[in-house]
Structure formats: C-alpha cells, structure tokens
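In what follows, a structure is listed as structure tokens, so that the remarks can point back to it.
The values are calculated or read from the model by the stated rules, or taken from the named source; none is laboratory data. Bear in mind the structure is a predicted one, so any value in this text is a computation, not a measurement. Every residue, glycine as well, gets a Cβ built from its backbone with ideal geometry; the counts of neighbours run over all protein chains shown. Surface areas here come from the heavy atoms of the whole protein model, side chains and all, with no ligands, DNA or RNA. Shrake-Rupley method; radii C 1.70, N 1.55, O 1.52, S 1.80 Å.
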Amino acid sequence: MQLKHLVVAALAALSLAACNSSPPTDADGFVDDPEFEQRLQEQLLDAKAGDVIEIPAGKYRLKRSLSLSGNDVTLRGEGMDKTILSFADQTSGAEGLTVTGDDFTLEDLAIEDTKGDALKINGTKNAVIRRVRAEWTGEPSAKNGAYGLYPVQVENVLIENSVVRGASDAGIYVGQSNNVIVRNNIAEGNVAGIEIENTSNADVYGNKTTNNSGGILVFNMPDLPVPGAKTRVHDNEVVANNHANFAAPGSAVSSVPPGSGVIVNSNDEVEIFDNRIADNNTANVIISSYYSTGFADRGLAKAYDPYPENIYVTGNTFSGGGTNPGKAYAGLKQAVGGSLPAVIWDGFANPDKASTGICVDNADAQLLDADGPNKLANPHIVKTTNCAPASRLPKITLPSKMTTSG
C-alpha cells in the first residue's frame, strides 16, 4: 500500500514537472518550433485593434523581417532577457521588426543581431517601447545594424526602461518626430547612445549612457525637411563615452569624436541641466554648427538653420573629461593648457543675430570658444554668468493611455 502511494506521488510529480517545463530547444539553445516564425508573422498580419500578441519565454530563430501595419496592437514577451527574437541567421529584410500602425506597444522582449535596424516605427502616432533590449551581441562593427530602437516621423513617443547595445549608429534614435520622452534607459557600446535628430519637444532623462563614442546627441541634419528644437536633457548619467567610433565611413555619425558626452549640433532651444557628466575624454559637452561636421556634401533643406542657438547648460555635475580629445580637438588641448574645459563651442555664430544665447551657468565650468571660423587660431574662454533664459521649456506630456500601463 505504501509503495502504491509512492508510485502515484512520483507520477504526479513528473506530470507537474512536464506542465511547467520549458519548451524543447535545439543544440544552440533555440526553441525547437519550426512553425514559430510563420505563426508570429501571421499573427502580426491578422492583428486587429486591441489585440495583444504574447510570445512565451525562449530564444527564437528568425530568418526574415517581421512587419505590423494594424493599429492598436501590443506585442509582448516575458522579459527582455527571457523572450529573445534572434535574427543572427536573417536572410531577408532590412529590419528586425517594422511597424506602420498607430498606437503600438512593444514590451518585455529582446531583438538581437538584426542585419539592419532592430525596430523601426515609421510615420505613426503613439508609439510605446518599454523594457525592450536591442543588441548586437558580437564585436563592435560597421556591419552591425544602424539603429536599435528607431521611431521616425512619429507623433508621441515613449521609450523607457530599455537597453541598447552595439548599434553602428545610435542605440536609441528618434528622428523627425514630435512630443517625445526617452527615460530610464541604458545605452552602452553604441556609436551614439541616444540621438534626438530633427525632432521637436523631447524630454531625455534618467538614462545612463556609457562606453559609447558619444553619449547623447541632439542634432539637426541639413538635408531633412523637418527641423527640430526644444529638447531637455536632464538627470542623466553620461559617463566615459570613450569607445572607438565604428560607424560606417561617410555616415553622419562617423564624425562624432570618441570621448563625447553630450553633443548639440545645429539645434536650437536645448536645455542641458542636472546631469552627471564625467570622464568623456574629448569633452563633456560639445556645441557645434553645420560648419564643423563634414556635412558639406549633403543638400540643405530650405528651413535649415546651421547655427546652434539658445543652448542652456546649468546645474550639471562635471568631473574629469577633456583630457584626451579626439583628433578634431587635439590641437586645442595644448592651446588651453592641458585639458579642455567642460563645454566646447565651435564658435560659429549667425552674423544676423546679436547673440547666440549659448549660456553656461554651472559652478566653475567653463565655455571654450574654439574659434572655428578662423581654423582654431584663437581659442579662448567665454565669460558667461547669469544667463538663464527668460522662460524654461515645459515638461513633455504624452496621452495618458501611453503612460498609465506598465
């Protein structure tokens, strides 16, 4: 009788273990489910408003790009280190996942080793990216995909609590968009950690960028039809972004000097405040114009303004940095006595305006005018104090449905 009970108990335990077991995997650790890729793409193609597509934990091999065009769809895994979509064997398609539907949410999964961008959201409204990891797991290479998390021409963007590594352009790139929050993310080992480009009304805060070539970039490119402005960069850690630049030669980001903390290029109304910015070997903050970037071969959009104006740097904690500048600034180091100050400006200013509005009011941090118009002949420290703008940029607010869940 006792033996019978033991056998029954053992069978019950085996049954329970079978119910809770992970799916079978092949020798490389991928879920052994040859129908997964086709089934997932069909779910995306057939998705209707309100659908939530859930992907169980496991590492899945995909060979083709995925796409979604339906509105109000959520794609959800079980965690950025548990549900992994691997495109290491990708044979067709430019991106990992392309989305053209409004009200899209992606959360709790990873996209690895895509041939091109990991996630591209194009021309939509209300995009949420939450707890997503986009990563190239091999060595840094120009052959890695350009962008990790890449919303472009999107109205209302939230990217939060995500991780990006190994992008050959920018880990997080928000382009030609409006009303944007990028917060509490980790960007490391990319050429640019976070890039806000030709985008207006963006809040970038609570992020950590380290070991990129450039930490946080706020750019306006000359050949894009939509200019950007009004970005707040605050309460971030921008530390030791000294990685060698491995961008594809000729790309815009290939001009970023390794060792750059925050770079503002040809953008207006940018507030950089209350960040910890440290140990970026070229400079902790660089403010530059179109004329210092090597973009001369690009066309100029009609509305393009090449000059950075109304750039406000205050209340940051600066330490280290400026001790081993990239070649674009190496000549300045000797001229100013050994290391570059916390903030460097290339010195190009609109001759039709009385002031650039570039203000550094930040303890003993100094602003260096590199005298770019005269080929760095007379670099000098600019004395600026009490230069706070008359009004501050407002906090970005997104539709409540984008921020109330998760």
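Here the extension length gained between ASP81 and SER141 equals 19.3 nm, from 0.36 nm per residue of separation less the Cα-Cα distance.
Ranked by accessible surface with a 1.4 Å probe, highest first, in what order do LYS208, LYS375 come?
Putting LYS208, LYS375 in descending order of accessible area: LYS375, LYS208.
Ordering ALA94, THR105, ASN122 by Cα displacement along the dipole of region 82-207 toward the positive end leaves THR105 in first place; charges were set at the Cβ atoms of Lys, Arg (+1) and Asp, Glu (-1). Computed with every protein chain present, the accessible area of VAL152 is close to 10 Å² [probe 1.4 Å].
Every helix of 4 or more DSSP H residues in the chain counts as -39500 (n - 2.57), and over all residues that averages to -3000 deg cm²/dmol at 222 nm. Straight-line cross-link partners of LYS327 among the lysines, defined as a Cα under 20 Å from its Cα and at least 8 positions apart when in the same chain: LYS375. Ordering VAL31, ILE216, GLN366 by Cα displacement along the dipole of the chain toward the positive end leaves GLN366 in first place; charges were set at the Cβ atoms of Lys, Arg (+1) and Asp, Glu (-1).
When THR209, THR25 are compared by accessible surface with a 1.4 Å probe, the order from highest to lowest is THR25, THR209.
Largest first, the extents of the alpha carbon coordinates of region 128-243 on the three principal axes equal 34, 30, 24 Å. In the chain, taking the dipole from charged Cβ atoms about the Cα centre, the farthest positive-side position among MET402, ILE55, GLY206 is held by GLY206. What relative contact order, as a whole-number percentage, does the chain give when Cα pairs under 8 Å and 6 or more residues apart are counted? Rounded, it is 8 percent for the chain. For region 238-388, averaging the sequence separation of C-alpha pairs within contact (under 8 Å, six or more residues apart) and dividing by the residue count gives a relative contact order of 22 percent. Electrostatic bookkeeping for ASP32 treats Lys and Arg as +1 and Asp and Glu as -1; over the other residues with beta carbon under 12 Å from its beta carbon, the sum is -2.
Treating r as the C-beta distance of ASP361 and GLN153 and R0 as 30 Å, the FRET efficiency rounds to 0.30. Counting heavy atoms of the protein chains alone, SER168 has an accessible area of about 10 Å² for a 1.4 Å probe. Within straight-line reach of LYS143, meaning a Cα separation under 15 Å, sit the following aspartates and glutamates at least 8 residues removed in sequence or on another chain: ASP89, GLU95, GLU112, ASP113, ASP117, GLU135, ASP169.
With the Kirkwood sum run over all distinct C-alpha pairs, region 206-280 has a hydrodynamic radius of 12.9 Å. Placing +1 on the Cβ of every Lys and Arg and -1 on the Cβ of every Asp and Glu, with no other charges, gives the chain a dipole of roughly 360 debye about its Cα centre.
Sorting SER288, SER251 by solvent-accessible area of protein heavy atoms yields SER251, SER288, largest first, with a 1.4 Å probe.
The simple Förster model, with R0 at 60 Å and r as the Cβ-Cβ distance, assigns SER92 and THR317 a FRET efficiency of 0.80.
Charges were assigned to the Cβ only: +1 to each Lys and Arg, -1 to each Asp and Glu. The resulting dipole of region 149-290 about its Cα centre is roughly 220 debye. Helix 2-20 and the longest principal axis of the C-alpha atoms of the chain enclose an angle of approximately 40°. Take the Cα of ASP32, step 7 Å toward its Cβ, do the same at TYR291, and the gap between the two points is 6.7 nm. Solvent-accessible area assigned to carbon and sulfur over the chain amounts to 50 percent, based on a 1.4 Å probe. Solvent-accessible surface (1.4 Å probe) assigned to ARG232 amounts to roughly 30 Å².
Along the Cα→Cβ direction, 7 angstrom out, place labels at ASP223 and SER67. What is the inter-label distance in nm? Rounded to a tenth, the inter-label distance reads 2.5 nm.
How far, in nm, would the chain grow between SER391 and ASN350 when pulled straight, counting 0.36 nm per residue and subtracting the alpha carbon separation? Each step should come with its number before you reach the end.
Details: separation 41, 0.36 × 41 = 14.76 nm, distance 2.23 nm.
That pair, SER391 and ASN350, stretches by 12.5 nm at full extension.
If you take the Cα centroid of region 81-132 and the Cα centroid of region 53-79, the two points sit 8 Å apart.
Could you name the lysines whose alpha carbon sits less than 26 Å from that of LYS230, not counting residues in the same chain fewer than 8 places away? Those lysines meeting the cut-off are LYS120, LYS125, LYS208, LYS302, LYS353, LYS383, LYS395, LYS401.
Near SER260: Cβ cut-off under 14 Å, other residues only, Lys/Arg at +1 and Asp/Glu at -1. The net charge is -2.
Once the C-beta distance of SER339 and SER251 is scaled by a Förster radius of 22 Å, the resulting FRET efficiency is 0.15 to the nearest 0.05. The length gained on full extension between LYS401 and ASP51, counted as 0.36 nm times the residue separation minus their Cα-Cα distance, comes to 124.5 nm. Probing with 1.4 Å while keeping every protein chain in the model, the per residue accessible area of region 230-318 equals 34 Å².
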